[in-house]
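Scroll down for the structure; my scribbles are underneath it.
The values are calculated or read from the model by the stated rules, or taken from the named source; none is laboratory data. Everything numeric in this text was worked out from a predicted model, so none of it was measured. All Cβ positions, even for glycine, are placed from backbone atoms using ideal geometry, and neighbour counts span all protein chains on display.
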Amino acid sequence: MVGRRWFARARHVKDAALTPLTARRGGPLQGRVRVPGDKSISHRALIMGALAVGETRIAGLLEGEDVLNTGKAMRALGARVERQGEGVWTIDGVGVGGFAQPQSVLDFGNSGTGCRLVMGAVATCPISANFDGDASLRKRPMRRVLEPLVRMGAQAVLRGGDGGDLPLTLIGARDPVPIVYEPPAASAQLKSAVLLAGLASPGETVVIENEATRDHTEKMLVHFGAHVCVQSFGDQGRRITLKGQPELAAAQVVVPADPSSAAFPLVAALIVPGSELILQAVMTNPLRTGLLATLREMGATIEMLEVKIDGGEEIADLRVRTSALKGVEVPAARAPSMIDEYPILAVAAAFAEGVTRMRGLKELRVKESDRLAATADMLRVNGVKVEIEGDDLIVHGKGRAAGGGMVATHMDHRIAMAALVMGLGSEQPVNADDTAFIATSFPGFVEMMRGLGADFS
Ligand code: S3P
């Protein structure tokens, strides 16, 4: 099978030797590039394709380690998953509730999204599955997702982790029950796990979010033929109702370029003098564009060209030019729309004049690393004054960074990329201790940035 060789790439990145890299200040960054497909949409397309009847075709799939691990899990659960060409994958699904008993451990490597969403999809099927991940994922909390899944009838057996809840066995419900669920945190992963569990449950599963988070699951469920009703709830929230036990029909999915990956070349162009980049066909779903709003408030020149809808999502080419930035207050309410962008925003804030205060970053403590601490340390070792006050990150921007530091990346792809971008604008080179994990979300990052003029060696 063509896809099998590809899955061989989806191993634990930690098994490889450390891959340190140094970024140095050089000439301007220039060019036009398309960053890889959106990670959130890629995971969901594989999962829903595996639960649909017929052949789903995905174009532009992110072929990063995280997504490949989800594809591997779908295959272990009985779907036929094949790579047809670059970014083009087909999946023959098993139908809602039709997952087969997997014969091997479902290993999600570094990916919280893959692991939690698949737990949801498995929780209401009459099978049991072993879930595991790498050293980073083994430290992350899974109980928050297990709590609603247990209410829906699943059972979980935790087998002791390294501070988190993996590895564990999930025993799916034979007679699932739908629930009304209010996630305790603004988390698209929690919402999505419950909605995916709701697929094989009878009746209506309801998720009430007080703050709206990325809505790719809801949109894609509709695309595959499920009945989903989304109503506004309170000031910023949503009430999502899924009618259970639909027949999902295979669909075509076009994955747009990932705004969370585009963020890295975008900020690099802002801080490296004389730069101008065009980032092509970036998804501009309003629940993902908090970084663009914040950078514009800071004074960034970012234009949206060729605005259109593709594959049900808004996309645009982003033209970015080097800009004089100033510090701003980033409200906590904006966090769900830019939750993955704080490390790179913190780099922009260091190169701004004045103080940037990013409020309400509690969720950053449970990402691939404790990203709040890792971001602060990244700046500190490179001579930038930074404080953590409660759940706020405060960066004292001086329009420059000394650099010269060795950044501890803690198995976190976004810390590694942010550190390398920082080095492109800093007075002295910036070192990242390990860049291997960049392959989880942005394969080809180093080469793409070099192609734009970045000095990485
Ligand atoms: C994601 C949701 C976010 C985000 C992650 C992707 C998703 O996590 O950080 O990278 O695809 O649903 P949380 O839901 O935990 O905030």
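Among the residues making up region 137-154, a single one is under 17 Å from V105 (Cα atoms) and either part of a loop (DSSP other than H, G, I, E, B) or in contact with a strand residue (DSSP E or B) (Cβ under 6 Å, 6 or more places away or on another chain) (or both): M142.
Taking (1) under 25 Å from L190 (Cβ atoms); (2) assigned to a loop (DSSP other than H, G, I, E, B); (3) more than 16 Å from the ligand (Cβ to nearest atom) in turn, L62 satisfies each apart from (3).
Scanning region 236-273 for residues that are farther than 27 Å from C125 by Cα and touching a Phe, Trp or Tyr at 6+ places or on another chain (Cβ under 6 Å), we see that the one that is surrounded by the most Cβ atoms within 10 Å (Cβ to Cβ) is S261.
Here P184 passes the criteria (1) more than 14 Å from the ligand (Cβ to nearest atom); (2) surrounded by fewer than 24 Cβ atoms within 10 Å (Cβ to Cβ) except the one numbered (1).
Any residue that is over 30 Å from Q428 (Cβ atoms) and either at pLDDT below 95 or aromatic (F, W, Y) (or both) - is there at least one of those in region 287-309? Within region 287-309, one or more residues are over 30 Å from Q428 (Cβ atoms) and either at pLDDT below 95 or aromatic (F, W, Y) (or both).
In region 98-119, the count of residues that are small (G, A, S), away from the ligand (no atom under 16 Å from the Cβ) and in contact (Cβ under 8 Å) with a residue 60 or more places away in the chain is zero. Every condition in (1) of a type outside the set (F, W, Y); (2) in contact with a helix residue (DSSP H, G or I) (Cβ under 6 Å, 6 or more places away or on another chain); (3) in the same structural domain as D391 (by TED's automatic domain parsing) holds for V194 except the one numbered (3). Each residue in region 213-228 was checked for being more than 12 Å from the ligand (Cβ to nearest atom) and under 16 Å from the mean Cα position of the chain (by Cα), and 0 of them qualify. Annotation: of all residues in region 22-51 being within 16 Å of the ligand (Cβ to nearest atom) and of a type in the set (V, I, T), the one that is farthest from L305 (Cα to Cα) is I47. When E353 is tested against (1) under 17 Å from V395 (Cα atoms); (2) touching a residue at least 60 places away in the same chain (Cβ under 8 Å); (3) not hydroxyl-bearing (S, T, Y), only condition (2) is not met. In the set (1) closer than 17 Å to A257 by Cα; (2) in a helix (DSSP H, G or I), M48 fails one condition alone, (1). Just wondering, is there one or more residues in region 120-130 that are within 16 Å of the ligand (Cβ to nearest atom), crowded, with 24+ Cβ neighbours inside 10 Å and in the same structural domain as L221 (by TED's automatic domain parsing)? Yes: region 120-130 contains one or more residues that are within 16 Å of the ligand (Cβ to nearest atom), crowded, with 24+ Cβ neighbours inside 10 Å and in the same structural domain as L221 (by TED's automatic domain parsing).
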